[in-house]
Every structure is written in C-alpha cells, then in structure tokens.
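A.B. asks: One structure, as structure tokens, below. Some questions next.
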Amino acid sequence: MRKKGVASGTSPIWLSLTIATLSGAGAGMAPPPTPWVPPANATLMNHKPVLDSSGKIIPWTTGADPFGELYDLAWAYWNTGFPRDPNSGLPMWYLYSSYHPGQPRGNLWPSTPASTSLFMAEAAVAQFAYTGNSSAVTELAVPFSLYVLANGTTPASWLWGSMPYASADPGALVFRGANSSRFGGHGRGDGLGVIEPDKAADAGHGFVLLANATQGTAVSRQFQLAAVAVADTLAARVRAPPLCNGSRSPWPFRVHADTGEVEEEYTSNVVSALLLFDAIGSEWVDMTTSITLSDGTTLTRAAAWSRARQIALDWQRDGPEVTGRWTACCEDVPIDTTLTNYNAVQPLFAAQYLLTRGVPDAVERAQKIVAFVEKELVFTSNGPKGWQPPQPLPVGWAGLEWGARCVAEQIQYPLKMGIHTGRYAATIGILYEALGGTNATLRDIAHRSFSWASYCTQTSGVNLVGPGELDVWFRIHLGGGLLQMLQAMMLAPTGTPQADHLLLSFPVSLGATVPTSVKYGLGRVAWESSSVPSTDRLRVTFNPQTVTAGGKPLPKRDCGDQRDKEDGDGWWSYNEATGIVIVQHQSARDVVVQAP
C-alpha cells in the first residue's frame, strides 16, 4: 500500500534523506516529496521570515546573539507576563496547563502538575547557572514543587504510593487526576485517582535537580526523600518480561494508584524513569533497605533500582526501537489501543539518552530513531484516520519550510510545533557531536530547525505552540522558549556572545549535576558543581587562558577532542568560533575559567 506523500516508484523520502544526512554524505539528499511553496506574503507566528543568502530561515531576532536575545525575552515574560488565577491568587501555571493571551484565566483543559514541576525545576536551575541569580530556584521552582508534594501526591500507603499526579481538573487546588468525562473521555486527563508513572518519574527528576541546587538546606533533604520515594515505587512496581512485552511496557501508562488497576497498559516512555535512576544520589538513603517487588520477593534498594533500570533499558532496545511503537505521551491523549498514535516526544528523548549515555551502538540506534521521526512526523501527510491535510499546505503544515525540518507532536494532532521542532534540532545537534562535530550538513539542519522554532517566541516574549495553535502551554514556554534556546546556544550557536554564561541542557544531559554557586566577573567565571565527575559547558566573551578545578590547572585539549579517555583530574577545550568552553572535572567540584 502506497504511503501518503510518497510518489509511486520512488524511494521513501525519509529513507533517502536520513541515510544521506546521517552517513555524512550531505550532498545529493532528496527534496521533500512535494516541494513546499510558501504562500504569498507568508508570515510565521506573526513574524516575517528572515532568510539568509541561501534562502534558508534564521532567527527573527537580528541582534548580535539571536538565541540569547530570545531566551531573555521569554524569561522576562515568564516573570511578569502571566496573570494570576483570579480565584486563588496563585500563579496561573500552578493550576492550568495552558492559556490564551489576554484571557483572565487558564484554558479549561487538564492541568499537568507533575511534568510542569520538572520543566519549572529545569528552567530555574538553568537560569541560576546562566545568570548566577538563584531567585528562580528559591522563588519559583521550590515553592511549586513543594505545592505538588503537599497537594498532588498519592498517599505513601497506597500500592503506587508517594507518586505525584500527572493531571488535575483545570483550576483545582488539589491534584488528584482529572475527570476524564469533562474532556471527551477515553482516558484524557487520566481519571480521578489515576497516575501516569512516567510523569511521576519526571517530577522525581525535578526533585533531584532542586535537591542538588539547594544542597545543605532542609528543603534539599525534603526533595531528596521525595525523589527516593518515587524511585522506590517504580522499582517495586516494574514489570519484568514476560509481563512487559510488545503491548505492555515496564510501567503502565495509566494506573489507579490505590488499587493498581491498570487503565492503559502501554507507553514507550522509559527515559523519564532512567533519568531519575541515573541522577538520584545513592548516598541520600540506606541502599541496603529492602524493597518488596510486585511478586512478593525482596531486594535491597540498590539491587531493586538497578534491576528496574536494566529492565527499562532492555525493553526499549527490544521494544519500541524495533517495533516503532512510540506512543502514549501526553496527559490529554485518549487511550491508544492500537499503539499507532506515534509521537515525536519519546523517540527523540530516547535518542538523546542513548547518545549522551554512550550505550552500546548508541549512534546507530539513535539514527534509526531519528529516521522513524522523520518518516512519521516530519516528511509525512500522516494524521488521524480519514483526515486530509489542507491544500495547498499553509505555513506550519509542511515537513520542510524555508530549509527547516518541522516536527509534529503526534499522528492524531499533526500540526508542526515549535517545541517538537526544537527537540528534533537538539537531537540532531547531539548526534552531530557524537559523530565528531565535523558534519556541516547535520549542524545546518539543527540550526534551521532551532531557527524555525524561535518564531514561536513573540516580540512580547510569550512562547506560542505553533502556527496552528496560538495558545500558550506553560511547559512549552519553559521548554521551547527557554530550555531549547539554551540548547541552541550550545549546539548550533549563531552570532557573538554578549555575556558569559554557564549553560545547562535539559531534560537529557550528562546527569543531574547542577551548580550550587556561580560567580561572574570580568574575564572570569567560577562555579561549584553539586557533584563530580561533571562535564560543564560555557559560552564566553573572552579567550580563556587557564581552567582550574580545586585550584589545580587542567590540561587543554584541542577543540572537538572529547574522547572518553580521562586526563587525571579532567580537561578543557575552547572553540574560538563559537565561544564554547567545555570543562570536564573528575574530583574537584569548584572550577574557575580565567582570561589572561
């Protein structure tokens, strides 16, 4: 049966494009099946597209450091642009998932407390690193995560105990899942008393970040124990083969937290749990404590966590990486009994995880995952059954617009969106580095997709979903408007840095190492990491002469030499063209980068 959008008798576009790009060939890549012609006087998210001499898109901001300028705009709007909930006086993003600019309250759609707590923690910790100002951590992320723990977590005595809820009714002050019948049923919003274990893992990862950023405080200990509780529940409830298979994941997507009755058996997302198990501090609790598994057997906490992590890794390798069943991602998606509502979120995070963790055959496996996303959600006319795309394709519907590859969220909602396009760009940027940092085609692909995504940020600083949805989703503002602009500065920088910045990349990074202090001076950046070993990245305005860790000089490597071989206490490199400094420090937590 011929796929939509592929001419009869031709090679599939996604196959020819991916092979040419990821093999490094670059030249001779096939064009999209039907070249897209932009409408006359087209605009992209209220901006006139800015094109370079090759006719390809670049960021709409034309300052000296475009991605940095966009980041600053989006952060300023987060601080001042959103109204408070008129009933409770709380910030609107506490109680709602989305908002239409100019309206007095949030949209009447399920809120997303667990994942929002992660996005807020990531954005706040990254802002602390970027500026040296910790107020985003102490005044925004910490209070909201504490609110989630107090008002949106299952009782510890339940079968799925101490797990933050993924959803809640819009405006609800207490989070207990959303009443699905209010939103069309079929699992949207999960249902009252129903959790999504992968979103609880997201929240747990956020707790780890905040625990590390607030080391030595009482609230840090509270977040440590909350993260441990989530990890313990995941370890106890993980389903080993044959209970997890092609239609049942290691953890169900939706489950009644008190009884364990499963609402939806399958989600392809195990990366959220993997990130939690990787990041959590084994020194925080007694790792010899017994964990009782679902079959009644007991293991030490260390063994149970390790077992759960390995089950998840093996299942992803043998499951969705082979079957292509990358499905069940968002809190508002209906139950997918056919496992065919593919999404771009989970496979791209999975590819990033493989590449940053150096798992066996990581590059080859990541390439196949990227090919899947291109096939199903970039160069495609896929959509819900019976759906036909508008013709001619308006802005925000084509796979390639002004040279940028544009990514849809899921089959059932095929609009191209900024955050998913930015996630694709970040994945390509990480792949570019994993392949040695020499493939100019890959770097250009990342830059163009980051550039297209940048148009979702308006001149006011608010970050909208995409051309087909002019709403704000709060976690998209945090992820697309803020975190992905940091990734753009790291992986596909353009322009000239206007200030010195320590850059963090979330959610998939080299771990949960975050700064506990950051100080910026003239020709000098100093920080202390929450743990070691750590690999940190900066973008600076000066040419560094020395880098020390614990007061001891680190040797300099040639730019691009990031081989795994350790150099004693660490190493550093500097790319004069981009201003990027990479510092790897093995044992000392305090680092100083100094100009001559």
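A.B. asks: Is it the case that region 506-515 has a residue that's touching a strand residue (DSSP E or B) at 6+ places or on another chain (Cβ under 8 Å), closer than 13 Å to Ala126 by Cβ and part of a loop (DSSP other than H, G, I, E, B)?
C.D. replies: Within region 506-515 (the criterion being touching a strand residue (DSSP E or B) at 6+ places or on another chain (Cβ under 8 Å), closer than 13 Å to Ala126 by Cβ and part of a loop (DSSP other than H, G, I, E, B)), the answer is yes, since at least one residue qualifies.
A.B. asks: Could you go through region 281-292 and let me know if any residue there is within 29 Å of the chain's Cα centre (by Cα) and closer than 15 Å to Trp160 by Cα.
C.D. replies: Checking region 281-292: not a single residue is within 29 Å of the chain's Cα centre (by Cα) and closer than 15 Å to Trp160 by Cα.
A.B. asks: Still on this structure, I have one more. Got a number for residues in region 218-266 being open to solvent by less than 60 Å² (accessible area, probe 1.4 Å), under 18 Å from Gly177 (Cα atoms) and touching a strand residue (DSSP E or B) at 6+ places or on another chain (Cβ under 7 Å)?
C.D. replies: Matching residues across region 218-266 total 8.
Residues are listed down the side, and each one gets a yes or a no for (1) among the hydroxyl-bearing types (Ser, Thr, Tyr); (2) buried (at least 21 other Cβ atoms within 10 Å of the Cβ):
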| residue | (1), (2) |
| --- | --- |
| Ala440 | no, no |
| Ala446 | no, yes |
| Ser449 | yes, yes |
| Leu464 | no, yes |
| Leu503 | no, no |
| Tyr520 | yes, no |
| Gly523 | no, no |
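A.B. asks: Oh, and also: Restricting the first residue to region 82-97 and requiring it to be over 19 Å from Val462 (Cβ atoms), which pairs with a second residue that is modelled with pLDDT of 95 or more and in a loop (DSSP other than H, G, I, E, B) meet a Cβ separation below 9 Å and a spacing of at least six or different chains?
C.D. replies: Final answer for the pair search is Asn87/Gly171; Asn87/Leu173; Ser88/Gly171; Ser88/Leu173; Leu90/Leu173.
A.B. asks: Within region 531-553, track down each residue that is touching a helix residue (DSSP H, G or I) at 6+ places or on another chain (Cβ under 8 Å) and open to solvent by 10 Å² or more (accessible area, probe 1.4 Å).
C.D. replies: Result: Ser531, Arg537.
A.B. asks: When you check Leu275 against the structure, is it modelled with pLDDT of 95 or more, under 26 Å from Phe119 (Cβ atoms) and open to solvent by 10 Å² or more (accessible area, probe 1.4 Å), yes or no?
C.D. replies: So Leu275 fits the description; yes.
A.B. asks: Going by the conditions given, is Ala344 under 20 Å from Leu275 (Cβ atoms), at pLDDT 95 or above and either touching a strand residue (DSSP E or B) at 6+ places or on another chain (Cβ under 9 Å) or surrounded by fewer than 16 Cβ atoms within 10 Å (Cβ to Cβ) (or both)?
C.D. replies: The answer is yes for Ala344.
A.B. asks: Considering only residues that are of a type in the set (S, T, N, Q) and part of a loop (DSSP other than H, G, I, E, B), look in region 451-462 and name the one that is surrounded by the most Cβ atoms within 10 Å (Cβ to Cβ).
C.D. replies: Step by step, filter region 451-462, then rank; the result is Gln458.
A.B. asks: Looking at region 120-136, I want the residues that are touching a residue at least 60 places away in the same chain (Cβ under 8 Å) and crowded, with 24+ Cβ neighbours inside 10 Å and have a partner that is outside any helix (DSSP H, G or I) and small (Gly, Ala, Ser) with Cβ atoms under 6 Å, at least 6 apart or on another chain. Which pairs are those?
C.D. replies: Correct list of pairs: Phe128/Ser134.
A.B. asks: So is Pro493 closer than 30 Å to Val592 by Cβ, outside any helix (DSSP H, G or I) and touching a Leu at 6+ places or on another chain (Cβ under 8 Å) or not?
C.D. replies: No; evaluated as a whole, the condition is false for this residue.
A.B. asks: Could we say that Leu173 is assigned to a loop (DSSP other than H, G, I, E, B), out of contact with any Lys or Arg (no Cβ under 7 Å at 6 or more places or on another chain) and over 24 Å from Glu283 (Cα atoms) here?
C.D. replies: yes
A.B. asks: Yes or no: Val508 open to solvent by less than 10 Å² (accessible area, probe 1.4 Å) and closer than 16 Å to Gly206 by Cα?
C.D. replies: Considered against the rule, which asks whether it is open to solvent by less than 10 Å² (accessible area, probe 1.4 Å) and closer than 16 Å to Gly206 by Cα, Val508 comes out as yes.
A.B. asks: Right, next: All but one of (1) of a type outside the set (D, E, K, R); (2) part of a helix (DSSP H, G or I); (3) surrounded by fewer than 21 Cβ atoms within 10 Å (Cβ to Cβ); (4) without any contact (Cβ under 8 Å) to a residue 60 or more places away in the chain hold for Thr356; state the number of the condition that does not hold.
C.D. replies: All conditions are met except number (4).
Let's see how each residue does on (1) open to solvent by less than 20 Å² (accessible area, probe 1.4 Å); (2) out of contact with any Phe, Trp or Tyr (no Cβ under 6 Å at 6 or more places or on another chain); (3) within 15 Å of Leu95 (Cα to Cα); (4) of a type outside the set (A, V, I, L, M, F, W, C):
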position	(1), (2), (3), (4)
Pro155	no, yes, no, yes
Pro164	yes, yes, yes, yes
Asp169	no, yes, yes, yes
Ala172	no, yes, yes, no
Phe183	yes, yes, no, no
Val194	yes, yes, no, no
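A.B. asks: Now for a different question. Inside region 524-542, can you point out the residues that are of a type in the set (S, T, N, Q) and outside any loop (DSSP other than H, G, I, E, B)?
C.D. replies: Ser529, Ser534, Thr535
A.B. asks: Does Gly193 meet the test of being modelled with pLDDT under 95 and over 25 Å from the mean Cα position of the chain (by Cα)?
C.D. replies: Answer is no for this residue.
A.B. asks: Might you let me know whether region 367-387 holds any residue that is farther than 28 Å from Gln484 by Cα, surrounded by 17 or more Cβ atoms within 10 Å (Cβ to Cβ) and touching a Lys or Arg at 6+ places or on another chain (Cβ under 9 Å)?
C.D. replies: no
A.B. asks: Would you check if Leu159 is under 18 Å from Leu234 (Cα atoms) and at pLDDT 95 or above?
C.D. replies: The answer is yes for Leu159.
A.B. asks: If you take the residues of region 85-119 that are polar (S, T, N, Q) and not in a loop (DSSP other than H, G, I, E, B), which of them is farthest from Ser272 (Cα to Cα)?
C.D. replies: Checked region 85-119; the qualifying residue farthest from Ser272 (Cα to Cα) is Ser98.
The values are calculated or read from the model by the stated rules, or taken from the named source; none is laboratory data. Predicted model only: the values in this text are computed from it and were never measured. Counting neighbours? That spans all protein chains shown, and the Cβs are built from the backbone with ideal geometry, glycine included. With ligands, DNA and RNA removed, areas are computed over all heavy atoms of the protein, side chains included. Shrake-Rupley method; radii C 1.70, N 1.55, O 1.52, S 1.80 Å.
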